[in-house]
Structures are given as structure tokens and as C-alpha cells.
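Have a look at the structure below before the remarks.
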Amino acid sequence: MNLRENFKEYSVSELAYSLKQTVEDMYGHVRVRGELGRVTIAKSGHCYLDIKDNKAVINSILWKGTINNLSVKLEEGMEVVCEGKLSTYPGRSNYQLIISSVQLAGEGALLALLEKRKKMFSDEGLFDSNRKIKIPYMPKVIGVITSPTGAVIQDILHRISERFPVNVIVWPVLVQGDKAAKQISNAIIGFNNIEITRPDLLIVARGGGSIEDLWCFNEEIVVRSASSSKIPIISAVGHETDWTLMDYVADYRSPTPTGAGEKAVPVLSDLIDIIFERGSRLSRSLTRNIKEKKAVLSSAKLPLANNILAYPQQSLDLILAKMVKPKSIFEPFIQKLHIISSKIPNLERLIDRPLNNLSNLSLRLNERPIRNNISIQEKRLSQIFERITNAANNYINNGTQILSKNTQLLDAYSYQSVLERGYVIVDDGNGNIIRTKNHLPPHSKIILSFSDGKINATTDGEIQKKVKQSITKKKSKSSEQPDLF
């Protein structure tokens, strides 16, 4: 009997499928560690790749549904651990690994991939300082992208409410896991597409964790969404020592979520102090300016022209009496500022109320009347400050015009102007002015004051008579020159 006749005869397909069944039964679940070689995404959505080491290569495949659930983007050169089952492809008579999950092979591989991505984004200029958007000083609406539960959202909301209550919109997302990166990216894009109540500032936050826990903030989809955001972003991911690519691409990096809340808004009480301080400075400046103008006016008084200056001085006194004191200008506004500050409710009472869930939290933040009140008071403070500035400018301009007119009037009536018209002042040398000729006995020493200087002279009885006769004769001919003595 021929032994060969006892061997089973297989067709090609029978043998191929028999091998397929045998391989799948023996290697139904395996874990393979290696380096990714060729990585190709087909039009069907399936991914074909090679897993290799320095001695061998295994062809592998990920179905489209599996790719969508991966937590990392597969790239050539990555060190990975793949789970799946070994099978064969009868059409080509080769075996392949059908992968069900992929993980990076340890923290070292993650750090290497992080540095690779960091260099790539840096070379593209995504981390350049000239791309950073300035954080607004007083945002009206703040968008927060984080988990709706946990201490992070509570810390941010508490800090904002304590410092300067504003509208806060929370976009709940996963901050860890396979789907986290996609949700974070969609939240950033979604906030940028909002037209009504669009936030002025975004905060992306998460608590601390391992590099694997924070990996979603290193994904390319998150980094590119943040870099293209038209709204400035504060990154508050992890602890102070935890750095992710989100921290580099954000417009400001806060070491903690609480620090993000402090950076987002100023302190309300500090703003009120600034307004009072500037109002006081303006009041002091006005008072000092008025005193200086009064001093200039007082120095313009001349002892020899009391009768001439009496009327202008009386007019000036009336004008000064009508001037409103600077303190009375600011008292109504200061009282309004006190009223405004007294209307601000006790924020600690609002902060201490527990927030049961995200819906109640958002509803309370939107319905609190303090927000509308704060907005109204901000507008009032702005209007008051503008009115104070305008009133002060008008007050100073009017006073300057009045002083200018009075100064011109003083100059017109000064005794120096009278001397320039040809008159002479005669005094006896002791400062006493000689008003009539009867006050001049013969041989008296006198001083004649002209517009350009003084000269000494002595009277003589005979000459005085001749002068008198000469003057009398001239009067009979012409009355153009009056008698000075």
C-alpha cells in the first residue's frame, strides 16, 4: 500500500483557510511591542502599518472604527505596544496583526514624541510671541473649557466671583482619555464661532496628573485649534511643573486654575480706589491752579493806581466770589461713588452657596442681579469720570480767559501807561507826590519821574513865575497841553 495515498489532499484555498484558522486559534490575543514603520491611511479609512524591530517586520492593520477610538495619532518611528489577534490573508498567503488597541511604550516614548512635536510646532512658528493676543483687562464674558465636575471648575468660579463677578460660560469636556482631545478642540472652535455673548477670554483648565493623563493637551488637533483661536486663551493645565504643548501655544500660561482666575479679572475694590485717588489728584490740581492765578493777579496790583484800579478790582472780587469751590464740584460725584460701592452685595454670601451641578451653576451665574448692577455701575463710573474731566477743563478755560482780560485791563490803566503819554510825576524826594504848585516853596529839591527814568531838580521862585507866565501865554494861544502843576 502506498503511504502517499493516506495523505489528505487540500485545494489551495482549503489549505490557506486551514492555516488561517490554526493561526487565529493559537494567537487569538497577543501583545506586540515594536517601532512603527510605514503608516498608511487608505481611502476606505483603514490604516495599514508595519511593526518592526531590528530583526523582523509584521504587517498590521487597524480597521476604521478602531482608529477613531485611539488616544494617540500614529506616526512613523513611534515606540508602541499593540494588542490584537494574528491572522492570515488568504489572497496573498501572508500573515498580519489585526490591531484592537495601541499604546505608547512607556513614559520615555511619550517624552520623545512630545519633544518631536514641540520642535515641529516651534519650527512652524506656533509658539512665537508675536502671535500672542493680549489678555483683556476687564472681560465681560469668560469661557471655561474643563470638566464640569471636580475642584478645578470650583476654584476658577470662586476666584472670579471673589475678585470681579462677570458672566462665565462653561463648556464641559473630557480632560483625559481617547475622546478628550477632540472635545477640547471642538470647544475652542465652538467658542470662536459664537456670535451672541461671545467670550472675551477663554480658560482651558485641568488638574494635575501623569504625562499619560495630560497627553490630550499635547495632541496636534488641540494645538492647532488653540493657535488659530481669535479669542485669547489662558492655559491652566496640571501643576506648575507640568508643561504641555497647550501651555506653549496659549496666550498666557497659568501654573494653577486659581491663578487663571486671578489673571482673568482685576479686583473690584482696587478699581474703586483708583477712581477716588484720581479724583483727589484732579481736585488738588484745580485748587493749586486757581491759587497760582490769584497770586498772579495779586502781584499785578500797583500802589500808585488805587483809584484807577478800584473798579476793575471790584469786578474781579465779584468774579472770584461767583467761582465754585473745587470741593463742591466733586462732592456730588464722590457721594455717587459711595452709593455705587454700597450697592455692591456681599459677594462672600453668594460664593459660599454650594453648586450642585453645572446647570444650576450656569443658571445662578446668569440670573444673579449683581451682574447687571455691576455693568450699570461701570457705565455710571465712566460717565461720572468723563463729566468731571469736562467740567474741570471748562472751569480752567473760563478762569484763564477772565484772568487774561483783567490783566489787559490792569496794563491799560497802569501809571506807566500814563507816563508814556507825556505826563510826569513830581515828588519831594521822600516819596510824597506834589499834586499842586502851592506845595512847592522856592529852592525845593524835587524828583521828576518820566516813562524812561527819573531826574533830580530844584525849584526857583523867579523861574517859577517865568514858567507860569510862559504857560499862561501858551494857554491863550492853544489849550492842547494841560497844566501839569
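The values are calculated or read from the model by the stated rules, or taken from the named source; none is laboratory data. As the structure is a prediction and not an experimental result, all values here were calculated from the model. Note: ideal-geometry Cβ built from the backbone for every residue, glycine included; neighbour counts use all protein chains shown.
Values as computed for the structure displayed
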quantity: Unmet criterion (only one of (1) over 20 Å from the mean Cα position of the chain (by Cα); (2) modelled with pLDDT under 95; (3) of a type in the set (A, V, I, L, M, F, W, C)) for M138; calculated: (1)
quantity: Residue match in region 207-218 (condition: part of a loop (DSSP other than H, G, I, E, B), farther than 24 Å from I142 by Cα and either among the acidic types (D, E) or in contact with a Lys or Arg (Cβ under 8 Å, 6 or more places away or on another chain) (or both)); calculated: yes
quantity: Flag for I133 being over 17 Å from C216 (Cβ atoms) and not assigned by TED's automatic domain parsing to the domain that holds I61; calculated: yes
quantity: Criterion violated by S375 - all others in (1) under 28 Å from the mean Cα position of the chain (by Cα); (2) at pLDDT 85 or above; (3) among the hydroxyl-bearing types (S, T, Y) satisfied; calculated: (2)
quantity: Some residue of region 149-162 being of a type in the set (A, V, I, L, M), within 30 Å of S269 (Cα to Cα) and in a loop (DSSP other than H, G, I, E, B); calculated: no
quantity: Within region 260-275, tally of residues that are at pLDDT below 90 and among the aliphatic types (A, V, I, L, M); calculated: 6
quantity: Qualifying positions in region 435-461 - surrounded by 14 or more Cβ atoms within 10 Å (Cβ to Cβ), without any contact (Cβ under 8 Å) to a residue 24 or more places away in the chain and closer than 27 Å to D411 by Cα; calculated: I447
quantity: Residues of region 168-179 satisfying the condition of being buried (at least 19 other Cβ atoms within 10 Å of the Cβ) and under 21 Å from S375 (Cβ atoms); calculated: V168, V170
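Listed here are the residues, each with its yes/no results for (1) surrounded by fewer than 17 Cβ atoms within 10 Å (Cβ to Cβ); (2) assigned by TED's automatic domain parsing to the domain that holds R198; (3) in contact with a helix residue (DSSP H, G or I) (Cβ under 6 Å, 6 or more places away or on another chain).
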| site | (1), (2), (3) |
| --- | --- |
| C216 | no, yes, yes |
| I221 | yes, yes, yes |
| S235 | no, yes, yes |
| T244 | no, yes, yes |
| T256 | no, yes, no |
| G259 | no, yes, no |
| R278 | yes, no, no |
